[in-house]
Amino acid sequence: MLRWPALVLLAAVSVAQATDGEYLLNAAGCVACHTAEGGRPLAGGRAFVTPYGTFYSPNITPDRETGIGTWSRAQFVAALKHGTSPDGVAYFPVFPYTSYRLMSDQDAGAIHDHLQSLEPYQQQNREHDLAWWLGRWMMKLWQWWNLDPLVPMPVTKDPMINRGRYLVDALGHCGECHTPRNWSGVMVRQSHYLAGSKQGPDGDAVPNITTDRSNGIGKWDADDLQYFLETGALPNGDYAGGLMTDVIDNSTSKLTAADRKAMAAYLKTVPAVATP
Ligand code: HEC
Ligand code: HEC
């Protein structure tokens, strides 16, 4: 079976610039997933309907009973980066710690500090409605089998590209939707990084965003990409729809122009791969 390739662990100092937790929360797209439709921001309850059952995001406001108010910074970092709860239980990868593991501890901690500074909101978490055969205990095995140790990889000479990669992979978790998965739900990063997926999180196809000129976005220039990440407008004048709307509204439109520029510059370096 396909295993995760050695992941890119970027030198955190050079790429993890912002220490502003709110900015990082936006860059990492936490709000859309942790907010139910019409619900209180970050109080959880958004449903994710998948072939494995329906998952509900938990309350991540600092309420001490129903949220994460009693968590330490270290516990939070372990959840976000290693998919492990304070009582040692493994999270389902619908929570994309598979990408957030690339985040620096400093940035993960800054997100924690920001969340703890918000108004607590009491709202009980909803139990997942899992497929009959699926148990949480299996996630320990899944993690053991699928999460290779992070291997440091050389950083390129261009700090903008490094920053762009960090924003795309560690914070923006773009591959969670744009990279296809194998049978066990693992992103096939080695051969099909960002090459699109027949079945995204909501069951719809997700486009190829490699530099492939016919399948991907190879014909877009960096300015097109930057403008898209700011506004959702495609070069042909249409607007992105579906799940990408959340990404634009809650995340990339809220970044600095410099960060969007870095993301665009990095995406222009992604090798062309045909859609699987
Ligand atoms: C794609 C949707 C999605 C995104 C994006 C996401 N989460 Fe989650 N998160 C979930 C789901 C679903 C769970 C529940 C996982 C489980 O029960 O195994 C979860 C669990 C958590 C937990 C554990 C809470 C608890 O009570 O055990 C924390 C903390 C958390 N997320 C914080 C964050 C932060 C911070 C971000 C942004 C950096 C984020 N999440 C982004 C969906 C998401
Ligand atoms: C939650 C899933 C999801 C995430 C996360 C996500 N995307 Fe998307 N993206 C989509 C979907 C779905 C579309 C197609 C939207 C449509 O149908 O209009 C899309 C469209 C796009 C397009 C337009 C491609 C085209 O040919 O029309 C670009 C560029 C893009 N995404 C870049 C990104 C980047 C960069 C990130 C990370 C910051 C990202 N996406 C994160 C789901 C996602």
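Could you check, for the stretch 125-133, whether at least one of its residues is of a type in the set (A, V, I, L, M, F, W, C), loosely packed, with under 13 Cβ neighbours inside 10 Å and closer than 21 Å to TYR97 by Cα? Give the derivation first.
So in the stretch 125-133, the residues of a type in the set (A, V, I, L, M, F, W, C) come out as 130-133.
Filter once more, so that each one left must be loosely packed, with under 13 Cβ neighbours inside 10 Å: 131-133.
Subsequent filtering for residues that are closer than 21 Å to TYR97 by Cα retains none.
For the stretch 125-133, residues of a type in the set (A, V, I, L, M, F, W, C), loosely packed, with under 13 Cβ neighbours inside 10 Å and closer than 21 Å to TYR97 by Cα: absent.
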So ASP246, is it within 16 Å of ligand 1 (Cβ to nearest atom), under 15 Å from HIS178 (Cβ atoms) and either out of contact with any Leu (no Cβ under 9 Å at 6 or more places or on another chain) or without any contact (Cβ under 8 Å) to a residue 12 or more places away in the chain (or both): yes
Restricting the stretch 176-203 to residues that are touching a strand residue (DSSP E or B) at 6+ places or on another chain (Cβ under 8 Å) and among the hydrophobic types (A, V, I, L, M, F, W, C), the residue that is nearest to LEU102 (Cα to Cα): MET187
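Among the candidates GLY232, GLY216, single out the residue that is surrounded by 20 or more Cβ atoms within 10 Å (Cβ to Cβ) and small (Gly, Ala, Ser). So that I can check it myself, show each step before the final result.
On the way: GLY232 fails: surrounded by 20 or more Cβ atoms within 10 Å (Cβ to Cβ).
One residue alone meets the criteria, GLY216.
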All positions within the stretch 162-207 that are surrounded by fewer than 17 Cβ atoms within 10 Å (Cβ to Cβ), hydrophobic (A, V, I, L, M, F, W, C) and within 11 Å of ligand 2 (Cβ to nearest atom): ALA205
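Of all residues in the stretch 241-267, count the ones that are polar (S, T, N, Q), within 18 Å of CYS33 (Cβ to Cβ) and surrounded by fewer than 21 Cβ atoms within 10 Å (Cβ to Cβ). So that I can check it myself, show each step before the final result.
Residues of the stretch 241-267 polar (S, T, N, Q): 245, 250-253, 256.
If we keep only those that are within 18 Å of CYS33 (Cβ to Cβ) too, we end up with 245, 250-253.
Still in the running and surrounded by fewer than 21 Cβ atoms within 10 Å (Cβ to Cβ): 245, 250, 253.
Looking only at that region, the number is 3.
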Where GLN143 falls short, out of the listed (1) at pLDDT 95 or above; (2) within 22 Å of the chain's Cα centre (by Cα); (3) within 24 Å of GLY172 (Cβ to Cβ): (1)
Pairs, first over 20 Å from ASP63 (Cβ atoms) in the stretch 37-51, second away from ligand 2 (no atom under 15 Å from the Cβ), C-beta under 6 Å, six or more apart: ALA47/THR54; ALA47/TYR56
Given (1) over 15 Å from the mean Cα position of the chain (by Cα); (2) within 30 Å of VAL77 (Cβ to Cβ), index of the condition THR179 fails: (1)
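Here is a yes/no grid of residues against (1) crowded, with 18+ Cβ neighbours inside 10 Å; (2) modelled with pLDDT under 95:
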| position | (1), (2) |
| --- | --- |
| LEU7 | yes, yes |
| TYR23 | yes, no |
| PRO51 | no, yes |
| ASN59 | yes, no |
| ALA74 | no, no |
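Matching residues to (1) basic (Lys, Arg); (2) farther than 17 Å from ASP246 by Cβ; (3) within 8 Å of ligand 1 (Cβ to nearest atom); (4) under 19 Å from the mean Cα position of the chain (by Cα):
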position: ARG64; (1), (2), (3), (4): yes, yes, no, no
position: ARG73; (1), (2), (3), (4): yes, yes, no, no
position: ASP87; (1), (2), (3), (4): no, yes, no, no
position: PHE92; (1), (2), (3), (4): no, yes, yes, yes
Index of the failed condition, ASP223 passing every other in (1) surrounded by 13 or more Cβ atoms within 10 Å (Cβ to Cβ); (2) more than 16 Å from ligand 1 (Cβ to nearest atom); (3) touching a residue at least 12 places away in the same chain (Cβ under 8 Å): (1)
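The values are calculated or read from the model by the stated rules, or taken from the named source; none is laboratory data. Everything numeric here is computed off the predicted structure, so don't read it as measured data. Note: ideal-geometry Cβ built from the backbone for every residue, glycine included; neighbour counts use all protein chains shown.
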